[in-house]
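Encoded as structure tokens, the structure appears first; notes follow it.
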Amino acid sequence: MARHLHRDANMSIRSLSVILISLVVVGASGAPVARRVADDRAGFVTTLGRDTIALESFTRSASRLEGDIVLRVPGTVLFHYVLNLESDGTVSRSVLDLKPLGVPNMAARRTTLDFVGDSVRVNFDSAGKSRRATFAAKKGAAPLLTTGFGASLGIYTSFGMYELLLSRLPIHASDTAKIVTVGALTGAVGTKPFLRPTATQVEVDFYRIAWMHVKLDENGHIVSADAIETTEKTQTKRIDFIDIPAAAKEYAARDRAGKGLGLASPDTLVRSKLGPASIVLEFGRPSRRNREILGRVVPYDKVWRTGANAATALSFDRELTIGGKAIPPGSYTLWTLPKRDGVDLIINRQVGQWGTEYDPSRDLVRIPMTVSTAASPQEQFAITLSGPGSSGELHIQWDTFVWSVPVTVK
């Protein structure tokens, strides 16, 4: 969400998934030491390629952290949070309001967390109904908002809240802190590792899949965050404080005009016929968004999910020969291994899993594909199967790369 914040008409957020508020407690690797900070006022812009997907502004004093966040995927949602702070920097109460401005069939809601002793009392208010719950949470727990909707759970985490949390982590380079997390909507408890290789760098765990790289200045302020190694591929930069509610109104108007960002990577189902065979492909379709794809979004020498969201699925009712290899009828998942000198198509027996859950022990076969270059970049990722009669080609195409392999009905 980075370029020309005040004028960007493409500010977009991809999939808004269920909000999670996590409660965090520094583990035994180092006792947290509260560092008193002067009043602060700043913001963050998060982008996915050329598109702005989230904006946040916050003000912070010794007794209060207050902020606003606007997310734009698949439609505009506005968040407002207030954290009351004790003299030692710990949180005594958190109130979060969610207002769906550009998402139909989503109710406004408020989540209130009260920290009492070694527990947190949670109150959910939505659509005129209230629900309460209590969770164990050691003294020093702090709220953390991670948000996203649909397939993009975790696409954005409040950096205002992150900065408050990091101010209380061990300050020595190379320290590791394990954070106990409690999902306030579900009550799920887990741990979130933070690594600190240097005094100005923090590695934040992303669902045990990868690390988000966070840079700090000498005052402990977050300067930037790089999530390119995660499945969300976002970039975040610190900016001046801006009017988030005003930006949210503008984005919601674009949603109503049909000019919003929509889903980050829409799921697609393609049905094809190849002679007597019925073939079905299911995959998520990420967009290029002016990014460098091969070697960056899609790294070399690493198995790629070949699309987005759930694992790309292929099913057919007749035996096929793909790249000279006989494949029995059935259901499979497709993966690829891009290399600088080519690419392998991987047909795997495991089905129904998320796109990060690749199990090489379930591979059926690996098949070299033909590589060619398109005359112009293709914005959305696509997989197609076409051909005359009982013979055709499977094409995987995005940006300027085209990977193909012959397919025949045996």
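Can you work out ³J(HN,Hα) from phi for every residue in segment 206-217, in order, using Karplus 6.51 cos²θ - 1.76 cosθ + 1.60 and θ = phi - 60°, giving whole Hz and x for Gly and Pro?
Residue by residue, segment 206-217 yields 10, 6, 6, 9, 7, 10, 8, 9, 10, 9, 10, 8 Hz.
In square nanometres, what is one fourth of the surface area of the convex hull spanned by the alpha carbons of the chain?
Numbers: hull surface 86.3 nm².
If I average the Cα hull's projected area over directions, I get 21.6 nm².
Provide the per residue accessible area, probe 1.4 Å, for the chain, rounded to a whole number of square angstrom. Present the calculation step by step, with values, prior to reporting the outcome.
Numbers: 17900 Å² over 410 residues.
For the chain, the solvent-accessible area averages 44 Å² per residue.
Taking H placed 1.01 Å from N in the peptide plane, check which residues at least 5 places from residue 358 or on another chain put their amide H under 5 Å from its amide H.
Under 5 Å from the amide H of residue 358 lies no amide H from a residue far enough along the sequence or on another chain.
Specify the residue with the greatest mean-square fluctuation among 66, 282, 357, computed from a Gaussian network of the chain linking alpha-carbon atoms under 10 Å apart.
Ranking 66, 282, 357 by mean-square fluctuation puts 357 first.
Please compute the length gained on full extension between residue 290 and residue 229, using 0.36 nm multiplied by the number of residues separating them and subtracting their Cα-Cα distance.
Numbers: separation 61, 0.36 × 61 = 21.96 nm, distance 1.75 nm.
Extra length available between residue 290 and residue 229 comes to 20.2 nm.
Suppose every K and R has +1 on its Cβ and every D and E has -1 on its Cβ; what is the size of the dipole of segment 225-309 about the Cα centre, in Debye to the nearest 20?
Values: 16 positive and 11 negative charges, 69 e Å.
My answer is approximately 320 debye.
Rounded if a/c is under 1.5, else prolate if a/b beats b/c, else oblate: with a ≥ b ≥ c from the C-alpha gyration tensor eigenvalues square-rooted, which is segment 248-350? Present the calculation step by step, with values, prior to reporting the outcome.
Values: a/c = 3.25, a/b = 1.58, b/c = 2.06.
Oblate is the answer for segment 248-350, as a/c is 1.5 or above yet b/c matches or exceeds a/b.
Please state the shape class of segment 225-302: rounded when a/c is under 1.5, otherwise prolate if a/b exceeds b/c and oblate if not, all from the C-alpha gyration tensor. Mind showing how you got there, number by number?
Values: a/c = 4.15, a/b = 1.55, b/c = 2.68.
Judged from the Cα gyration tensor, segment 225-302 comes out oblate (a/c at least 1.5, b/c at or above a/b).
In nm, to one decimal, how far is the modelled label at residue 62 from the one at residue 318, with both set 7 Å along Cα→Cβ?
7.9 nm
Under a plain spin-label model, where a point goes 7 Å from the Cα along Cα-to-Cβ, how far apart in nm are residue 374 and residue 84?
5.5 nm
Of the peptides 320-331, 41-52, 150-161, how do they stack up when ordered by the mean number of other Cβ atoms within 10 Å, highest first? Don't skip to the end; give the middle numbers.
Numbers: 320-331: 15.1, 41-52: 22.1, 150-161: 24.8.
Ranked by mean Cβ neighbours within 10 Å, highest first: 150-161, 41-52, 320-331.
Taking all protein chains as present, what is the carbon and sulfur share of the accessible area of the chain, in % to the nearest whole number, probe 1.4 Å? Kindly include the intermediate steps, with their values, before the conclusion.
Values: 9050 of 17900 Å².
Reported share for carbon and sulfur atoms: 51 percent.
For residue 150, enumerate residues with amide H under 5 Å from its amide H, sequence gap 5+ or separate chain, H modeled in the peptide plane.
Amide H to amide H, under 5 Å and 5 or more residues apart or across chains, residue 150 pairs with 17, 18.
How big is the charge dipole of the chain about its Cα centre, in debye rounded to the nearest 20, if each Lys and Arg gets +1 on its Cβ and each Asp and Glu gets -1 on its Cβ? Don't skip to the answer; put the middle values down first.
Working: 50 positive and 40 negative charges, 114 e Å.
For this selection, approximately 540 debye.
The values are calculated or read from the model by the stated rules, or taken from the named source; none is laboratory data. Values in this document were obtained by computation on a predicted structure and should not be read as measured data. Neighbour counts are summed over all protein chains in view; Cβ atoms, including those assigned to glycine, are modelled from backbone coordinates with ideal geometry. The accessibility values were calculated without ligands, DNA or RNA, using every heavy atom of the protein model including side chains. Shrake-Rupley method; radii C 1.70, N 1.55, O 1.52, S 1.80 Å.
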